[in-house]
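The structure under discussion appears below in the form of structure tokens.
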């Protein structure tokens, strides 16, 4: 572990960021060049004392999970993230389909979608980050662990997952999730997490086996999705997709047609998200 190198790197990256770069309010009478240590600790989900000791070349050896959290909070690029891991004495995580580090550009977009449901998902449908309005729409989808992190897995194993969507669309969802998993298995190979999900579902779920046996590929949703909210009822939304090819992450943004009933419901969702 290169304590001096890591401390200097963290300090310089912290000082290069402004509060608005990471979705924080600027506030008044600000004299600090860049972010305060306390602000970095907040966005990295660490204690202020722990982070401060890292910048002062003290404290315990940070775990890989801690380093990943700091890299994400400081909006590091993949090259910068890998450099931080090496300074901390760890091997950098893999890039591509199994990586979970969100690109700074994708995070900057997400931070500005304050009144819009949006989320970043992996190629397996694992939600990595949501806007507050998205949480108000579908609940916190980042809370799941293990295979249940994948919406495709939850679709076939958890009835509560289906309750969020219009019943007439359920069969299409099944086909889309099966086809998406098939693509990931073919792309990542038999030892991948995608292949593990495939084996789990084939062993345990009759519906998945039936859809899987159709051997469909390239099945996609159209631009529309129909959500069933427990308080607001039906919301017919459009879904736009932005792909980060380096990490195979997709930013999903849900919008409503101007003047539609869903537009007013989205406005109410955004208001309720601010109050939480």
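State yes or no: is residue 166 surrounded by fewer than 17 Cβ atoms within 10 Å (Cβ to Cβ) and touching a strand residue (DSSP E or B) at 6+ places or on another chain (Cβ under 6 Å)? Criteria met by residue 166.
Out of 141, 202, I need the residue that is closer than 22 Å to residue 113 by Cβ and without any contact (Cβ under 8 Å) to a residue 40 or more places away in the chain. Which one?
141
If the condition is being out of contact with any helix residue (DSSP H, G or I) (no Cβ under 8 Å at 6 or more places or on another chain) and in contact (Cβ under 8 Å) with a residue 60 or more places away in the chain, then segment 51-85 contributes 61, 78.
Counting the residues of segment 209-248 that are assigned to a strand (DSSP E or B), modelled with pLDDT of 90 or more and surrounded by 14 or more Cβ atoms within 10 Å (Cβ to Cβ) gives 11.
On inspection, residue 262 qualifies as modelled with pLDDT of 90 or more and either surrounded by 12 or more Cβ atoms within 10 Å (Cβ to Cβ) or closer than 18 Å to residue 132 by Cβ (or both). Which residues, taken from segment 22-50, are part of a helix (DSSP H, G or I) and touching a residue at least 40 places away in the same chain (Cβ under 8 Å)? 22 - this is the single residue of segment 22-50 that is part of a helix (DSSP H, G or I) and touching a residue at least 40 places away in the same chain (Cβ under 8 Å).
Of all helices (runs of 4 or more DSSP H) completely enclosed by segment 66-167, which ones contain at least 3 residues that are under 27 Å from residue 269 (Cα atoms)? Before you say what the answer is, go through the steps one by one.
Details: elements: 78-87, 104-112, 132-138, 151-157, 159-162.
In segment 66-167, the matching helices (runs of 4 or more DSSP H) lie at 104-112, 132-138, 151-157, 159-162.
For (1) within 23 Å of residue 184 (Cβ to Cβ); (2) buried (at least 20 other Cβ atoms within 10 Å of the Cβ), each residue gets a yes or a no:
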| residue | (1), (2) |
| --- | --- |
| 66 | no, no |
| 73 | no, yes |
| 80 | no, no |
| 84 | no, yes |
| 89 | no, no |
| 98 | yes, no |
| 108 | no, no |
| 112 | no, no |
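The values are calculated or read from the model by the stated rules, or taken from the named source; none is laboratory data. What you see is a predicted model, and the numbers here were worked out from it, not measured in a lab. No Cβ is skipped: glycine too gets one built from the backbone with ideal geometry, and neighbour counts run over all protein chains shown.
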